[in-house]
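As structure tokens, the structure follows; a few thoughts come after it.
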Amino acid sequence: RAALADPRVMTVWHNGGNFDRVLLRLSQLGINLSVERIFDTMVCALAHSLPGSLDKLGHILGIPSDQQKLKEGKALIHLFCKPRPKNQKLRRATRETHPAEWAQFIEYAKYDIASMRAIYKRLPTWNYRGTERALWELDQRINSRGIAVDLAFARAAIESADRLQQTLAERTSELTDGAVASATQRDALLVFLENRYGITLPDLKSSTVEAALERYTDLPDIVRELLVIRGASTKTSIRKYKRLLEAVSSDGRLRGLLQFCGAGRTGRWAGRVFQPQNLTRVPKYVAKMYDSAVAAILEGSVDLVFDNPMEVLASCVRGALVAPPGKKFCIADLSNIEGRKLAWLAREEWKLEAFRDFDAGIGEDLYKIAYSKAFGIPVEEVDNDTQRQIGKVMELALGYQGGVGAFITFAAAYSIDLEDLATKAWDTIPHKIKQQARDFMEWMYGQHPKKDRADIRYGLSEKAFIVCDSFKRLWREAHPNVTSWWKELEEAARFAIANPGVRSPARSVVFQKDGTWLRCRLPSGRYLCYPHPEVDDAGQISYMGVNQYSRKWCRLKTYGGKLAENITQASSRDVLGYNMPAIEEAGYEICLTVHDEDITETPDTDEYSSDGLAALMSVVPPWCQGLPLAAAGYETNRYRKG
């Protein structure tokens, strides 16, 4: 206790910033441990592309088994540190009620500390010192500050959702003659559709339902309505309202929403509690009527005002975050930071100049320029509809060596009908490019002779596949420096792995293998970390990491485009983080950061503005001179998508 109270003593914790520090302050000890006195082994691990859990770290770092976290520990935590089930007479397990288990708990705590101590000694610290360490300390202040919640709005949204769910369940039962009580009953609904209508679907995920509604124009009206109801009934965003109410503090503010370096290798922030980094995309009709939508939810009349009330509720979760009385939100977002950073890193000068002209008000829209450059037509001839949309999807999908699959993914996000697009674009694509795409398709058929050809084409017609692959080829021809950078990165990484300790540059970044780590030094001085790198006989690069789907620690493969994606996203995050201290010093208190956006709380005066915040965010760091940087934002009392 004396050591904890001594400001000269440094302390080591695992998840100590967001957890132990808070509990120490609120406990009977009443110790207010400053973030400057905390070394957080979980954050240090995340900053170096390692898992955050103590037991996984012990295994990966080779901690002897007698020092690893006891598996029984989780059960003991559930027993002593969580509320007991309501149907049990004993309301609290203690050392008196469970003496044997309590003794085990003490032993578990000893092993826990021993494991953390061993991990602390073995962790690298390249990315958890200096400016990165200072940024984490700011992150802790942001998490402690939190953001205010409109509790009345959240409760009204939950009441509307519950009422609508009941209505949808009744309609489902009516349409199925009682065979399915609610559209949330996945298996029952799948069986009903197959037995009654002969329609077989692999699952009822939102993507499957949306694809079926779009692809099959001859669906019976009842089936179509059931699928629409299914989509509305399973909106996961609705649950976020309940999470807000569960997690809000007694003063009406929500805290601990960010995990520093939580998004894996790149060092970006990850969302916690109600996952603010994963909010529903707002449809255009909701964005145009956002204030009306919020008012309708508060009044309990959202189902009377909108045809798709569940979608509106899911789209308005942001609206539960508000500025308190006398304050306002100043919000700004870095403009196309990844596109700018990729061009800067790869030294694609024509594109950097296009960004500068656009920022100066003398240049054309970048998505139009992308189409113009790819198709070799004057930019003023690019239309605002189909051609600009093609340019947008090309920019978003193809910068990291993506092909037809990536193009399909982004086209779906922007509701682009690729078959219709293929018909419109066919005559505009040079014959040579189309022939190359056709030859590639035939090559793919030859590589997979037993596979269904439609599957090889991702379900597209041959014409649509050729057009999408042609877009890829046109984009790459227009971006020779980006395309050559992918190859340079791969070669530099291979060379570094084969020659430990030797620096291997690839334009603005440098690879080097140190011990069991392949490190990529970013322009900011921070490192991307690839543990246990290997190159197989075929030249394929791999490393150990967390699989984003299974969440298991396993060997992952990478290539030039993927390395470019990691580097670009990490470097973009470094730009965002670089200006955050200055933003705070100027009186803009950061409450939350979502992707490339800063949400700040300020006094409701003219002294503070979204333009002022955007200017602070647009300061170019000294380590990326020449990067065209811009931001734009808005002021509001209720968070929304700008």
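The values are calculated or read from the model by the stated rules, or taken from the named source; none is laboratory data. Since this is a predicted model, take the numbers as computed values, not measurements. Heads up, the Cβs are rebuilt from the backbone with ideal geometry, glycines too, and the neighbour counts pull from every protein chain shown. Please note that ligands, DNA and RNA were not included when accessible areas were found on the heavy atoms of the full protein model with its side chains. Shrake-Rupley method; radii C 1.70, N 1.55, O 1.52, S 1.80 Å.
When Gln540 is tested against (1) within 30 Å of Met441 (Cβ to Cβ); (2) surrounded by fewer than 23 Cβ atoms within 10 Å (Cβ to Cβ); (3) out of contact with any Phe, Trp or Tyr (no Cβ under 9 Å at 6 or more places or on another chain); (4) not basic (Lys, Arg), exactly one condition is not met: (3).
Flag not set for Arg122, criterion: out of contact with any Leu (no Cβ under 8 Å at 6 or more places or on another chain), at pLDDT 90 or above and open to solvent by 20 Å² or more (accessible area, probe 1.4 Å). Contact annotation: residue pairs with Cβ atoms under 8 Å, 6 or more positions apart or on different chains, pairing a residue in segment 375-398 that is farther than 17 Å from Arg473 by Cα and in a helix (DSSP H, G or I) with a partner that is open to solvent by 10 Å² or more (accessible area, probe 1.4 Å) and among the basic types (Lys, Arg), are Val379/Lys368; Thr386/Lys424; Arg388/Lys368. Report yes if Ala169 is touching a residue at least 24 places away in the same chain (Cβ under 8 Å), within 30 Å of Tyr290 (Cβ to Cβ) and over 31 Å from the mean Cα position of the chain (by Cα), otherwise no. Taking the combined requirement at face value, the residue satisfies it. So if I check each of Lys110, Lys86, Lys74, Lys82, which one is basic (Lys, Arg) and either under 29 Å from the mean Cα position of the chain (by Cα) or under 23 Å from Gly146 (Cβ atoms) (or both)? Within the list Lys110, Lys86, Lys74, Lys82, the selection yields Lys74. Checked against the criterion of being open to solvent by less than 40 Å² (accessible area, probe 1.4 Å) and assigned to a loop (DSSP other than H, G, I, E, B), segment 230-243 contains not a single residue that satisfies it. Looking across segment 307-335 at every residue that is under 20 Å from Lys284 (Cα atoms) and part of a loop (DSSP other than H, G, I, E, B), the one that is most open to solvent (accessible area, probe 1.4 Å) is identified as Asp307. Taking residues in segment 359-374 that are in contact (Cβ under 8 Å) with a residue 40 or more places away in the chain, and partners anywhere that are open to solvent by less than 70 Å² (accessible area, probe 1.4 Å) and assigned to a loop (DSSP other than H, G, I, E, B), the pairs with Cβ atoms closer than 7 Å and at least 6 places apart or on different chains are Asp359/Pro628; Asp359/Ala630.
Criterion first (hydrophobic (A, V, I, L, M, F, W, C), surrounded by fewer than 21 Cβ atoms within 10 Å (Cβ to Cβ) and within 16 Å of the chain's Cα centre (by Cα)) does Val546 satisfy it? Yes: the conditions hold for Val546. Within segment 250-266, the set of residues being open to solvent by 40 Å² or more (accessible area, probe 1.4 Å) and not acidic (Asp, Glu) comprises Ser250, Arg255, Ala263.
Within segment 1-22, the set of residues being open to solvent by 40 Å² or more (accessible area, probe 1.4 Å), part of a helix (DSSP H, G or I) and farther than 26 Å from Ala247 by Cβ comprises Ala2, Ala3, Ala5. Ile408 fulfils the conditions (1) under 25 Å from Arg215 (Cα atoms); (2) without any contact (Cβ under 8 Å) to a residue 40 or more places away in the chain; (3) part of a helix (DSSP H, G or I) except for a single criterion, (2). Restricting attention to segment 273-287 and to residues that are in contact (Cβ under 8 Å) with a residue 40 or more places away in the chain and surrounded by 16 or more Cβ atoms within 10 Å (Cβ to Cβ), the residue that is farthest from Arg526 (Cα to Cα) turns out to be Val282.
May I ask you to list the residues in segment 491-511 that are open to solvent by 40 Å² or more (accessible area, probe 1.4 Å) and either assigned to a strand (DSSP E or B) or more than 19 Å from Trp126 (Cβ to Cβ) (or both)? Result: Glu491, Arg494, Phe495, Ala498, Asn499, Pro505, Arg507. Annotation note: of Lys513, Lys424, Lys450, the sole residue that is touching a residue at least 24 places away in the same chain (Cβ under 8 Å) and of a type in the set (Lys, Arg) is Lys424. Within segment 413-453, the set of residues being of a type in the set (A, V, I, L, M) and more than 30 Å from Glu490 (Cα to Cα) comprises Ile416, Leu418, Leu421, Ala422, Ala425, Ile429. All conditions but one from (1) among the aromatic types (Phe, Trp, Tyr); (2) surrounded by fewer than 20 Cβ atoms within 10 Å (Cβ to Cβ); (3) modelled with pLDDT of 90 or more apply to Trp269; the one that does not is (2).
State all residues of segment 129-184 that are farther than 30 Å from Tyr197 by Cα and in a loop (DSSP other than H, G, I, E, B); if no residue qualifies, say none.
Once the filter is applied, which keeps residues that are farther than 30 Å from Tyr197 by Cα and in a loop (DSSP other than H, G, I, E, B), segment 129-184 yields Arg129, Gly146, Asp150.
Do we find that Pro124 is closer than 30 Å to Trp269 by Cβ and part of a loop (DSSP other than H, G, I, E, B) in this structure? Considered against the rule, which asks whether it is closer than 30 Å to Trp269 by Cβ and part of a loop (DSSP other than H, G, I, E, B), Pro124 comes out as yes. Residues in segment 102-129 that are closer than 30 Å to Ser571 by Cα and in contact (Cβ under 8 Å) with a residue 12 or more places away in the chain: Ile119, Tyr120, Arg122, Leu123, Pro124, Thr125, Trp126, Asn127, Tyr128.
Scanning segment 524-533 for residues that are open to solvent by 20 Å² or more (accessible area, probe 1.4 Å), under 24 Å from Pro622 (Cβ atoms) and in a loop (DSSP other than H, G, I, E, B) yields a total of 2. If you go through segment 204-218 one residue at a time, do you hit one that is small (Gly, Ala, Ser), at pLDDT 90 or above and in contact with a helix residue (DSSP H, G or I) (Cβ under 9 Å, 6 or more places away or on another chain)? No, segment 204-218 contains no residue that is small (Gly, Ala, Ser), at pLDDT 90 or above and in contact with a helix residue (DSSP H, G or I) (Cβ under 9 Å, 6 or more places away or on another chain).
Anything in segment 590-634 that is of a type in the set (D, E, K, R), farther than 18 Å from Glu338 by Cα and surrounded by fewer than 20 Cβ atoms within 10 Å (Cβ to Cβ)? List them, or say none. The answer is Asp604, Asp606, Glu607, Asp611.
Return the residues of segment 32-46 that are touching a strand residue (DSSP E or B) at 6+ places or on another chain (Cβ under 8 Å) and open to solvent by less than 10 Å² (accessible area, probe 1.4 Å); say none if nothing qualifies. Within segment 32-46, Leu33, Ile38, Asp40, Thr41 meet the criteria. Residue pairs whose Cβ atoms lie under 6 Å apart, separated by 6 or more positions or on different chains, with the first residue in segment 488-507 and under 15 Å from Arg521 (Cα atoms) and polar (S, T, N, Q) and the second part of a loop (DSSP other than H, G, I, E, B) and open to solvent by 70 Å² or more (accessible area, probe 1.4 Å), do not occur. Residues that are among the small types (Gly, Ala, Ser) and in a helix (DSSP H, G or I) do not occur anywhere in segment 82-99. The set of residues from segment 136-163 being among the aliphatic types (A, V, I, L, M) and surrounded by fewer than 19 Cβ atoms within 10 Å (Cβ to Cβ) comprises Leu138, Leu151, Ala152, Ile158.
Listed by first and then second residue, the pairs with beta-carbon distance under 8 Å, at least 6 apart or on different chains, first residue in segment 77-91 and closer than 14 Å to Gln104 by Cβ, second aliphatic (A, V, I, L, M) and in a loop (DSSP other than H, G, I, E, B), are Leu79/Ala93; Phe80/Ala93.
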